[in-house]
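Below is one structure; the comments refer to it alone.
The values are calculated or read from the model by the stated rules, or taken from the named source; none is laboratory data. Bear in mind that the values here come from a model prediction, so they are computed numbers and not experimental data. We place every Cβ from the backbone using ideal geometry, glycine too, and count neighbours over all the protein chains shown. Ligands, DNA and RNA are excluded from the accessible area calculation, which covers all protein heavy atoms including side chains. Shrake-Rupley method; radii C 1.70, N 1.55, O 1.52, S 1.80 Å.
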Amino acid sequence: MTTETRLLLLADTHIPPRARAMPAQVWDEVARADVVLHAGDWVEEAVLDQLGARSRRLVGVWGNNDDGALRARLPEVARVEIGGVRIAMVHETGAARGRERRMAEAFPDADVLVFGHSHIPWDTVAGPDTANPGLRLLNPGSPTDRRRQPVCTLMRAVVRDGGLADVELVPVDRTP
């Protein structure tokens, strides 16, 4: 029997000042997900509360724009195992150049690293010359603040049979 766990990856929601509310499309995705992973920059504690109330399971970390109560409630780094997949999450990973090597060294026991900060979608695998050549690095971008990207985004993925499958970058309509 195949078991599946549907993941929703979010980061950099910045509510406010970048958006007044979470887009309706994000709430629809939350309703379909088994686990929501948020890689920081919530900005307001109310966003954490709303996402927590609507999620079956929520895993989050704080980002550089989060302080006070958010840092008190959330870790800087989160580690979870979902269906045999070891997931680590952190907001910032530093410069894009050399990211795979640095993160493979920092997270040698992870299969997947979810991160945010740049608002730039990212999907790579650390190479054979790194400490963890199978580490998959995923940044879902931002569902509310596209910055220099063509559209706002989130990511969906599925954990199936002990592996990560069906990773998909999804454009987000910012309509609340």
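Here R18 clears all of (1) surrounded by fewer than 15 Cβ atoms within 10 Å (Cβ to Cβ); (2) within 23 Å of V151 (Cα to Cα); (3) among the basic types (K, R) except the condition numbered (1).
For G127, the conditions (1) closer than 21 Å to L164 by Cα; (2) modelled with pLDDT of 95 or more all hold with the exception of (2). Which residues, taken from the range 159-176, are touching a residue at least 40 places away in the same chain (Cβ under 8 Å) and out of contact with any Ser or Thr (no Cβ under 7 Å at 6 or more places or on another chain)? If the condition is that a residue be touching a residue at least 40 places away in the same chain (Cβ under 8 Å) and out of contact with any Ser or Thr (no Cβ under 7 Å at 6 or more places or on another chain), then G162, G163, L164, V167, D173, T175, P176 are the ones that fit. Applying a threshold of 6 Å to beta carbon distances and a minimum spacing of six or more residues, or different chains, the list of pairs starting in the range 45-67 at a residue that is within 17 Å of H91 (Cα to Cα) and open to solvent by 40 Å² or more (accessible area, probe 1.4 Å) and ending at one that is outside any loop (DSSP other than H, G, I, E, B) and charged (D, E, K, R) reads W62/R71.
Contact annotation: residue pairs with Cβ atoms under 6 Å, 6 or more positions apart or on different chains, pairing a residue in the range 119-134 that is on the phi < 0 side of the Ramachandran plot with a partner that is exposed (fewer than 14 other Cβ atoms within 10 Å of the Cβ) and charged (D, E, K, R), are A131/E105.
Identify, please: which residue in the range 73-110 is touching a His at 6+ places or on another chain (Cβ under 8 Å) and either open to solvent by 10 Å² or more (accessible area, probe 1.4 Å) or of a type in the set (S, T, N, Q) (or both) and is, among those, farthest from L135 (Cα to Cα)? By that ranking, first place goes to E76.
For R73, state whether it is charged (D, E, K, R) and in contact with a helix residue (DSSP H, G or I) (Cβ under 9 Å, 6 or more places away or on another chain).
On the way: charged (D, E, K, R): yes; in contact with a helix residue (DSSP H, G or I) (Cβ under 9 Å, 6 or more places away or on another chain): yes.
Yes; evaluated as a whole, the condition is true for this residue.
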